[in-house]
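The values are calculated or read from the model by the stated rules, or taken from the named source; none is laboratory data. Just so it is clear, the model here is predicted, and its values are computed rather than measured. No Cβ is skipped: glycine too gets one built from the backbone with ideal geometry, and neighbour counts run over all protein chains shown. Only protein heavy atoms, including side chains, enter the accessible area calculation; ligands, DNA and RNA are left aside. Shrake-Rupley method; radii C 1.70, N 1.55, O 1.52, S 1.80 Å.
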Amino acid sequence: MTDTPLDFGDPADLDRLRREFRAWLAEHPLPERQSGEPVPVFLRRWHRLLHSGGWVGLDVPERYGGRGLTALHQVAISDELGACRAPGVPRIGYLAHALLEFGSEEQRLRFLPRMLAGDEVWCQGFSEPGAGSDLAGMSTFAERHDDHYTVRGQKLWTSYAQYSGLCLLLARTDRAAPAHKSISAFVLPLDRPGVTVRPLRAANGDDEFCELFLDDVRVEESERVGAEGVGWALAMTTVSYERNALDTGHISKYGLLVERLRRHAAERHGGLPDGLLSRIGRCVVDYEVLVAHARRRTAERLAGQVAGPESSVDKLLMTRTEQRLYDTALEVFPDELAGEGGELFGDYLYSRAASVYGGTSQIQRNIIAKRILHLPSNG
Amino acid sequence: MDREEFVLVRDMVRSLATRFGVTSADEVKPSTRTAAQQALDELGLAELRRTSPPAATAQECALLAQEHGRRPLTTSLLGTVLLAPELLRLLGAQPDTRTTPTIALTRELRFPGQASTDLVAWDCEGADSALRVSAEGTVGRVELGPAAPGTDLVRAVRSVPSDAPVEVVGRLTPPDRLRWQAYALVVVTAELVGAASSFVEQAVEYARVRRQYGRPIGSFQAVQHLLADATVLVEACTSVTRYAAWCLDNEPPERALAAARAAKAEVNSSALEAVYAGMQVFGGIAQTWEHTAHLYLRKVRLGSTLLATTADLLPALAVPEVTR
Ligand SMILES: Cc1cc2nc3c(=O)[nH]c(=O)nc-3n(C[C@H](O)[C@H](O)[C@H](O)COP(=O)(O)OP(=O)(O)OC[C@H]3O[C@@H](n4cnc5c(N)ncnc54)[C@H](O)[C@@H]3O)c2cc1C
């Protein structure tokens, strides 16, 4: 597939979309984050503003509240936002995909428009204390009754559950079947009796992730997404969308910091300590590689290739870029380490999570070895 | 070219590589070199970049260079087919099929700067002269001296007599000089990407069949992760090089040169790292003279100094003015 020429260019309609979007941005100033306003709350305001202009879910069919365009249109919007230093697009793409691919028509009509509008905020309840990398080993159990389930168990690392109304929840529905066939997915409203959300403080001081305690929570059959037992397949689709390089919001964020480092290098030319100039150069290269890589994925998508295990390659490249970049940035701006640390220091701390969330780097390597290189499994 | 046409040309290079790919260092002999070069010349690929506008895009040329890099080949696809014709095309020189120039580089294999530096004719199998681009963009034709020894055992290099007369062929405009540098960087980089990706694929294949402790070595997680990391590096090299080539076809020369430099910087370190990983997977056998591993290593190691080293590139890329 990639040994013939690719078209990395923008078709004309993408160009037109970018121009329309820039015009809209010019008339809708970016909201300012108020002091003390938690990031997720600020981002939700931003989400709604973007949605009011029709800029959310461009690749989602119109009947579900999107615009019926392609992933490439969505990427173009991400790019534009990055270029004007705006917060990224709301990160709902991977959840929307799970519903589009596995949800019933009724569920898609019920949930997607409100998800896209930012009226309902979702979180992802996959990981558990005993099931991180080994997600299939989860023990949260949904016991079947006539027309509903009762769910018991505990979830961990559920990002922004404290700001969310709904949770895409994975639970076992069969104790006997092999792990990969016994997991089902549910839409769980977090205000149900029996649900306790307890925020955990992250290393950088932020309230990001939570613990979720589920004590005999009633979930309706109509809230199950897909058939019983397809939860594993749904989870794999979700995470591969979560990892792929097409969500260029991150990339733009790195780009801004890379530019800041370069400006500093230009101002201090020659005055930087030995080797630091080269380390900045290395960050520039990492960033250029990532941009080129995302473009290549876009071009492949345009040529008809579907998303698959190669998103693990994307994730490892993104991790490499982010971790080396923030590490270098602290070296360039040592003041960030003074006192209780600056904003950049907080981002540096968060960069260490890049090799953990969405599946650790080791798990991505396992996936590449097995599903791309088809190496034999052990035993 | 349209897609079918390109696939046809690429497959010609592929079958040339299968036929003439060296499977051991001892096979590199003058007679086999001549035969391989003759077969390449018969494909008539020098036409691809001789006309204006060229028959093949830079992206297509890069893909051919990549294909050529997949096996150890003595043929001068880069020097005589892709690079020298491009120089003449940029100069608007009349196509002249009677001579076969390659390109001249400094002894350290960089772009020549001052006219007086010691030069070599790089990748000169089948070449009868070499084109040198001076710092100001003047292109001159020089004669070839005797064969020069090189660490890349398959690539032919000859010295250029220091007193040889220079026949001026023309002068590149400043934007064309940038285009030329970007194109040369991209083509050279693409060949290294081909070498690294092919070598890693061979290591993966070996890991499937080689058994120790009663199981394939590819089932050990330590080996799997080595190969997975090498794969990521090869993908990074592929993406950045493909994009740099595309930039040459579609973006202004300053942008194309910046992209080409980033590609070269990535490939200098990552292609080498990937080859190291592949060699590790092969174990002792890759340390022998007969095995092709060292041919790949030699190409990629020398390649990482070719035209621009990491030490040249990184400090330059750190500051916004990338075109000096
Ligand atoms: C910032 C952040 C946000 C997150 N958000 C969410 C969320 O919203 N929803 C959600 O469900 N989860 C979320 N997670 C959880 C995340 O997916 C898990 O942390 C991750 O999958 C790893 O699981 P673990 O923490 O239990 O580590 P473990 O699985 O215990 O791993 C510990 C170490 O062992 C290694 N290891 C484990 N198994 C293997 C193996 N087979 N081969 C080689 N090495 C192995 C790992 O690579 C790691 O280095 C989030 C995590 C973070 C850090």
**Item:** Residues (touching a residue at least 40 places away in the same chain (Cβ under 8 Å), open to solvent by 10 Å² or more (accessible area, probe 1.4 Å) and over 16 Å from the mean Cα position of the chain (by Cα)) located in segment B:259-276
**Value:** B:Glu273
**Item:** Cβ-Cβ under 6 Å pairs, at least 6 apart or on other chains, segment A:340-356 side modelled with pLDDT of 90 or more, far side within 10 Å of the ligand (Cβ to nearest atom)
**Value:** A:Gly346/A:Asn204; A:Leu349/A:Ala203; A:Leu349/A:Asn204; A:Tyr350/A:Asn204; A:Ser355/A:Ser361
**Message:** Tell me yes or no: at least one residue of segment B:174-189 is open to solvent by 20 Å² or more (accessible area, probe 1.4 Å) and among the aliphatic types (A, V, I, L, M).
**Reply:** yes
**Asked** Residues A:Ser184, A:Ser164: which one is touching a helix residue (DSSP H, G or I) at 6+ places or on another chain (Cβ under 8 Å) and either away from every other protein chain (no Cβ under 14 Å) or away from the ligand (no atom under 12 Å from the Cβ) (or both)?
**Response** A:Ser184
**Asked** Checking A:His269 against (1) at the interface with chain B (Cβ under 8 Å from one of its Cβ atoms); (2) closer than 23 Å to A:Arg243 by Cβ; (3) surrounded by fewer than 23 Cβ atoms within 10 Å (Cβ to Cβ), which test does it fail?
**Response** (2)
**Prompt:** Quick one: how many residues across segment A:174-212 are at pLDDT 95 or above, of a type in the set (Gly, Ala, Ser) and in a loop (DSSP other than H, G, I, E, B)?
**Reply:** 2
**Asked** When segment A:94-114 is examined, which residues are found to be closer than 17 Å to A:Ser159 by Cβ and either crowded, with 23+ Cβ neighbours inside 10 Å or touching a helix residue (DSSP H, G or I) at 6+ places or on another chain (Cβ under 6 Å) (or both)?
**Response** A:Tyr94, A:Ala96, A:Ala98
**Request:** Check off (1) within 15 Å of the ligand (Cβ to nearest atom); (2) in contact with a Lys or Arg (Cβ under 6 Å, 6 or more places away or on another chain); (3) more than 18 Å from A:Val356 (Cβ to Cβ) for A:His148 and give me the number that stays unchecked.
**Result:** (1)
**Request:** Identify the residue in segment A:120-137 that is out of contact with any helix residue (DSSP H, G or I) (no Cβ under 8 Å at 6 or more places or on another chain) and either farther than 28 Å from A:Ile251 by Cβ or part of a helix (DSSP H, G or I) (or both) and, among all such residues, is most open to solvent (accessible area, probe 1.4 Å).
**Result:** A:Asp134
**Prompt:** How many residues are within 14 Å of chain A (Cβ to nearest Cβ), open to solvent by 50 Å² or more (accessible area, probe 1.4 Å), over 18 Å from B:Ser198 (Cα atoms) and touching a residue at least 24 places away in the same chain (Cβ under 8 Å) if we restrict to segment B:1-43?
**Reply:** 1
**Prompt:** Just a yes or no: is a residue in segment B:200-214 part of a helix (DSSP H, G or I), within 18 Å of the chain's Cα centre (by Cα) and at the interface with another protein chain (Cβ under 10 Å from one of its Cβ atoms)?
**Reply:** yes
**Item:** Candidates B:Gly79, B:Gly69 - the one that is in contact with a strand residue (DSSP E or B) (Cβ under 6 Å, 6 or more places away or on another chain) and under 19 Å from B:Leu306 (Cβ atoms)
**Value:** B:Gly79
**Request:** Would you kindly identify the helices (runs of 4 or more DSSP H) lying entirely within segment A:274-379 that contain at least 1 residues that are open to solvent by 30 Å² or more (accessible area, probe 1.4 Å) and within 16 Å of the ligand (Cβ to nearest atom)?
**Result:** A:311-332, A:343-351, A:361-367
